[in-house]
Amino acid sequence: MEITKDIIYIGVDDHELDLFEGQYIVPEGMAYNSYLVKGEKTAVMDTVDRKFGGEWLAKLEAALEGASPDYLIVQHMEPDHSANIAVFMEKYPNAVVCASKQAFNMMKNFFGTDFAGRNMVLGEGSVLDLGGHVLRFVTAPMVHWPEVIMTYDEKDKVFFSADAFGKFGAQDAPPDEEGWACEARRYYFGIVGKFGPQVQNLLKKAAALDIRTICPLHGPVLNEDLGYYINLYDTWSSYRSEDKGVTVAYTSVYGNTKKAAELLAEKLLERGVEAHVSDLARDDMAEVVEDAFRYDRIVLATTTYSGEIFPFMKTFIDHLTERNFQNKTVAFIENGSWAPVAAKKMRAMLEGCKDLKFAENTVTVTSALNDKSRAAIEALADELAAL
Ligand code: FEO
């Protein structure tokens, strides 16, 4: 697949993966992207996951058309991209590996060598002239590991963005009915969500470049309407809400907290407010994390459990706080059969978050819904609808 006349896609699709990065389901598989840039000299942009080394090397051989690769550019050392560095360096003894200083430290840890004598250290503003193609490098620390560099091809105006602008899903997966943003957002908040300020820094650097094509390490190559993708990254990384709406995230042991959550969503919909209800024990939690950042209001509903809150809710709130959850209105529904404390416990877990506004109304359910808790749900729906 040609990205431009001189830039060839040599990535692979993974349809066997159960969990990406050990935690994210990928029902449509995953792509590990890699590219060959052909100037007078040639540069390979990253390798692929360990399982696909043979397939990748075969694609590389075909794209090289008899040439030998001169450089391997390592933008990111996470093994879904770096696993085949040693294999590549053994197969092509004249090739030089180019990466940040920190990436070479990681190579020592992963492979027992930093390829001394065959390596080139890259930093901010480094340039590699392939002859016909000049590659310029920018550092992107913590997007989303510290060693990350990204690459700009001045001739074709292609930006190789490492993990940024990636998404879940293989290249040969059917078109996503919900569009690029759905799985890109789940990927962003799962993987990069904590590092909003670092992504903002990257966007500032990218704004200084004339970019026509973005080549990420996962997901499709982007070459139309780039402002759409860049604006979404700006929204996500600045923790602005993308849409108006309410995420209602619940756990329920016997169905009564679920009824309360669903009744609230019904009342919100009656008031013309978009509401998305999720069961934290049964739905994909990464989808709910994505919704939590996407919408401007969130309701957390859970049971009191061993004087604490139900485990799935605790995990969910940890997912939010570790990703710098902020700038939202938060409301609580708690359930408890003898000493409900869940609302207090959930609020305490969120105390360190910036710019959260807590709703005045909290709903307390004592075992099952009754007239009092139904009225409290009406009052909460009124308050949230007024925002
Ligand atoms: Fe796709 Fe951070 O590795």
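Every read-out reported here was derived from the displayed coordinates using simple, explicitly stated rules and does not represent laboratory data. Note that the coordinates shown come from a computational prediction; the quantities given were computed from them, not determined experimentally. Methodologically, a virtual Cβ is constructed for each residue, glycine included, from the backbone with ideal geometry; neighbour enumeration extends over all protein chains shown.
Other residues within the sphere of radius under 14 Å centred on the Cβ of Asn84, judged by their own Cβ, net out at -4 (K and R +1, D and E -1). Could you tell me which of rounded, prolate or oblate describes the range 303-363, using a ≥ b ≥ c as the square roots of the eigenvalues of the alpha-carbon gyration tensor, with rounded for a/c under 1.5 and, failing that, prolate when a/b is larger than b/c and oblate otherwise? Note, shape of the range 303-363 comes out oblate. Computed about the Cα centre, the dipole magnitude for the range 211-332 is approximately 300 debye when only Lys and Arg (+1) and Asp and Glu (-1) carry charge, each at its Cβ. Between Gln200 and Tyr228, the distance separating the two model label sites (each 7 Å from Cα on the Cα→Cβ line) works out to 2.7 nm.
Mean-square fluctuations from a GNM of the chain, with a 10 angstrom spring cutoff on Cα atoms, peak among Thr213, Thr113, Thr247 at Thr113. Take the Cα of Asp18, step 7 Å toward its Cβ, do the same at Glu322, and the gap between the two points is 2.0 nm. Over the range 12-56, the hull volume per residue, using the convex hull of the C-alpha atoms, is 77 Å³. Just checking the listed ones, Asp176, Asp80, Asp14: in the Gaussian network model of the chain with Cα springs under 10 Å, the one fluctuating most is Asp176.
Local charge sum around Ala184 (other residues, Cβ-Cβ under 11 Å, Lys/Arg +1, Asp/Glu -1)? Once positives and negatives cancel, what remains is -1. The residue list Ala86, Ile317, Phe189 was ranked by how far each Cα lies along the charge dipole of the chain toward its positive end, using unit charges on Cβ atoms, and Ile317 comes out on top.
Its alpha carbons considered, the range 171-325 gives a radius of gyration followed by a Dmax of 17.7, 57 Å. For Glu242 and Glu61, the FRET efficiency from 1/(1 + (r/R0)^6), where r spans their Cβ atoms and R0 equals 41 Å, is about 0.45. The helix-based estimate of mean residue ellipticity at 222 nm for the chain, built from -39,500 (n - 2.57) per DSSP H run of four or more residues and divided by its residue count, is -9500 deg cm²/dmol to the nearest 500. Think of the chain as a dipole: +1 on every Lys or Arg Cβ, -1 on every Asp or Glu Cβ, centred on the Cα centre; then among Ala359, Leu268, Val44, Ala359 lies furthest on the positive end. Computed from label points 7 Å out along Cα-Cβ, the spacing between Glu177 and Arg50 is 3.7 nm.
What is the Cα centroid distance between the range 232-278 and the range 303-359, reported in whole angstrom? Value for the Cα centre distance between the two parts: 15 Å.
Which of these, Ala206, Ala58, Ala292, has the largest mean-square fluctuation under a Gaussian network model of the chain (Cα springs below 10 Å)? Per the Cα network of the chain with a 10 Å cutoff, Ala58 tops the list.
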